[in-house]
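Working notes, structure below.
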Amino acid sequence: MQETVRPLNVIVVGAGLVGFAAAAALRRQGHRVEIYETSSFKTELGAGLAIPPNTSRCLVGLGCRVPSLNPVENLCFTSMAYDGSAGMTSDSTNYEESYGMPWLMVHRVDLHNELKRLALDPHGDGPPASLYLNHRVVSCDVDACTVTFESGVVRQADLIIGADGIRSTMRSFVLGEDIHIPPSHTAGFRWLTNASALEPYSELDWIVKTPPLGARLISAPVPSKLSEGPRKIDHRTIVIYACRGGTMVNVLAVHEDLRDQDSVPWNAPVTQEELLDFFHDYHPRFKRLLTLADDIHIWQMRVVPPLRTWVNKRVCLLGDAAHASLPTLGQGFGMGLEDAVALGALLPKSTDINAIEARLLTYESLRKERVEFVARESFEQQHVPAKRGLYLRSSEMRDKVMAYDVKEAAERVLSELENPRGD
Ligand SMILES: Cc1cc2nc3c(=O)[nH]c(=O)nc-3n(C[C@H](O)[C@H](O)[C@H](O)COP(=O)(O)OP(=O)(O)OC[C@H]3O[C@@H](n4cnc5c(N)ncnc54)[C@H](O)[C@@H]3O)c2cc1C
């Protein structure tokens with residue numbers, strides 16, 4: 001007897017940016033989604049996030065209200081030499097003209113709130129997802145399609161999605177083994193400064209006052225005095241851009257990390273003195289910005305190596321759990337968002353529960369090669385000197401990453417599956 005097709009019951013593990021995006025994409029197809037999140041959201045990470053055109057295309061397609069993101073449009077990249085010498089180059093690509101979508105810069109909390117609205121809003125398309133905070137998933141039975149929480153409670157679903165980030169619990173149940181995410185020897189100092197704090201210093205006008213607005217990159221391809229022994233910190237770049245309607249300035253100072261990354265925390269506070277010491281040889285106009293920094297953290301960044309699979313029965317991974325990358329291309333969230341849009345397109349309302357596993361494998365084959373390319377490039381363009389800045393130099397690479405329309409690609413694959421003879 002044929003099973004009646006009904007909306008799927010979906011569990012999403014993790015209410016980060018990508019978990020909410022997956023919930024938003026699936027509820028729009030009429031599915032019933034429950035999101036389980038370990039934290040209580042009391043402290044949300046304050047930082048900026050780049051939204052290149054492929055990412056903004058997906059956000060708009062999911063119904064995102066762009067003004068709610070308080071975006072600043074990225075109209076150019078300006079590279080400067082650390083010592084203030086000549087060597088400034090500016091790439092003023094018109095992203096909107098080239099790709100039909102702008103490159104935006106936003107505050108993560110604004111983006112998280114908007115994705116949360118898209119998932120939970122009772123007035124949105126499809127049944128609103130339900131969010132359960134303080135629910136840590138500790139295990140998953142892929143045969144029974146269940147998750148177990150710390151409390152011992154078990155929940156069953158038709159489909160389970162692991163969107164639980166780079167240190168995923170779900171990954172080991174999908175793979176059937178634990179894997180170590182290797183150190184990348186890359187870290188970044190991260191902080192936000194109110195744009196008003198820059199007002200008294202005319203030497204900082206180039207950050208948010210001098211048009212065109214966009215990301216500023218200040219690179220030092222020379223060893224730092226902090227280097228010890230045979231290894232050298234031979235590359236430091238400070239990336240600066242405005243967000244939240246131009247009222248905040250986001251700073252990420254990426255550098256080689258000589259610490260034993262497995263034996264230090266992934267995220268730890270640092271003092272302004274440590275920061276200034278690290279960039280001791282930067283020109284005074286750049287160091288001025290550093291003297292305005294507070295609440296600074298050092299973040300380790302790692303790349304999830306290519307996984308054997310992202311799918312086991314009716315359980316799958318997406319976002320950082322499957323393929324975290326370095327922020328070199330500003331594509332970490334974008335790749336997870338594309339995963340979410342692809343899953344939504346491949347699992348329309350009419351999907352039979354018996355078809356889920358095959359659809360998840362289609363999702364994996366649509367996504368894996370592209371995402372692993374981005375993750376590999378994010379690492380190599382940070383670590384291989386000849387490849388640094390390639391993303392900005394190569395229009396071919398930019399086209400490959402930013403012109404892509406994942407919804408269109410997923411819908412084409414689905415239509416080929418449903419109509420293999422192309423009638
Ligand atoms: C310094 C830095 C700069 C970046 N800049 C950019 C950028 O400019 N553009 C861009 O696109 N990307 C950027 N990224 C990458 C981007 O931040 C990530 O790719 C993205 O946030 C991943 O989202 P996620 O939802 O997959 O994972 P996460 O944000 O890690 O969310 C996972 C969620 O799952 C929850 N969770 C974990 N375990 C469990 C469990 N067992 N049970 C229940 N819940 C659980 C967590 O509490 C968390 O809320 C940057 C990353 C870094 C480190």
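The values are calculated or read from the model by the stated rules, or taken from the named source; none is laboratory data. As the structure is a computational prediction, the values presented were derived from the model and not from experiment. Heads up, the Cβs are rebuilt from the backbone with ideal geometry, glycines too, and the neighbour counts pull from every protein chain shown. Just so you know, the surface numbers come from the protein's heavy atoms only, side chains and all, with ligands and any DNA or RNA stripped out. Shrake-Rupley method; radii C 1.70, N 1.55, O 1.52, S 1.80 Å.
List of remarks:
Yes/no matrix, rows are residues, columns are (1) at pLDDT 95 or above; (2) closer than 25 Å to Ser202 by Cβ; (3) within 26 Å of the chain's Cα centre (by Cα); (4) of a type in the set (Asp, Glu):
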residue: Pro230; (1), (2), (3), (4): no, no, no, no
residue: His235; (1), (2), (3), (4): no, no, yes, no
residue: Val239; (1), (2), (3), (4): yes, yes, yes, no
residue: Ala242; (1), (2), (3), (4): yes, yes, yes, no
residue: Asp257; (1), (2), (3), (4): no, no, yes, yes
residue: Val264; (1), (2), (3), (4): yes, no, yes, no
residue: Thr271; (1), (2), (3), (4): yes, no, no, no
residue: Phe278; (1), (2), (3), (4): no, no, no, no
residue: Phe286; (1), (2), (3), (4): yes, yes, no, no
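- Residue list for the stretch 172-187, filter: touching a residue at least 40 places away in the same chain (Cβ under 8 Å), within 28 Å of Thr351 (Cα to Cα) and surrounded by 12 or more Cβ atoms within 10 Å (Cβ to Cβ): Phe173, Val174, Leu175
- Residue tally, condition closer than 14 Å to Ile166 by Cα, out of contact with any strand residue (DSSP E or B) (no Cβ under 8 Å at 6 or more places or on another chain) and open to solvent by 10 Å² or more (accessible area, probe 1.4 Å), over the stretch 324-343: 2
- Candidates are the residues of the stretch 15-60 that are hydroxyl-bearing (Ser, Thr, Tyr), modelled with pLDDT of 95 or more and farther than 23 Å from Ile160 by Cα; the one that is nearest to the ligand (Cβ to nearest atom) is Thr55.
- Positions within the stretch 1-57 being surrounded by fewer than 24 Cβ atoms within 10 Å (Cβ to Cβ), charged (D, E, K, R) and under 19 Å from Asp158 (Cβ atoms), in sequence order: Glu3, Arg6, Arg28, Arg32, Glu34
- Qualifying strands (runs of 3 or more DSSP E) (wholly inside the stretch 67-116; at least 2 residues being among the polar types (S, T, N, Q)): 77-81, 89-91
- Residue tally, condition open to solvent by 40 Å² or more (accessible area, probe 1.4 Å), touching a Ser or Thr at 6+ places or on another chain (Cβ under 8 Å) and among the hydrophobic types (A, V, I, L, M, F, W, C), over the stretch 359-400: 2
- Any chance Val60 is among the aliphatic types (A, V, I, L, M), surrounded by fewer than 18 Cβ atoms within 10 Å (Cβ to Cβ) and either assigned by TED's automatic domain parsing to the domain that holds Ile238 or outside any loop (DSSP other than H, G, I, E, B) (or both): yes
- Among the helices (runs of 4 or more DSSP H) confined to the stretch 260-352, the ones with at least 1 residues that are within 26 Å of Tyr404 (Cα to Cα), away from the ligand (no atom under 14 Å from the Cβ) and in contact (Cβ under 8 Å) with a residue 40 or more places away in the chain are located at 332-346.
- Any hit, the stretch 245-257, residues being of a type in the set (Ser, Thr, Tyr), assigned to a loop (DSSP other than H, G, I, E, B), open to solvent by less than 50 Å² (accessible area, probe 1.4 Å) and out of contact with any Lys or Arg (no Cβ under 7 Å at 6 or more places or on another chain): no
- Those residues of the stretch 140-171 which are surrounded by 14 or more Cβ atoms within 10 Å (Cβ to Cβ) and without any contact (Cβ under 8 Å) to a residue 40 or more places away in the chain, in sequence order: Asp141, Thr146, Thr148
- If the condition is being surrounded by fewer than 24 Cβ atoms within 10 Å (Cβ to Cβ) and aliphatic (A, V, I, L, M), then the stretch 304-323 contributes Val304, Leu307, Val311.
- Within the stretch 344-358, considering residues that are in contact with a Leu (Cβ under 9 Å, 6 or more places away or on another chain) and open to solvent by 40 Å² or more (accessible area, probe 1.4 Å), the one farthest from Leu414 (Cα to Cα): Lys349
- Thr89 open to solvent by 40 Å² or more (accessible area, probe 1.4 Å), away from the ligand (no atom under 16 Å from the Cβ) and either touching a strand residue (DSSP E or B) at 6+ places or on another chain (Cβ under 9 Å) or at pLDDT 95 or above (or both): yes
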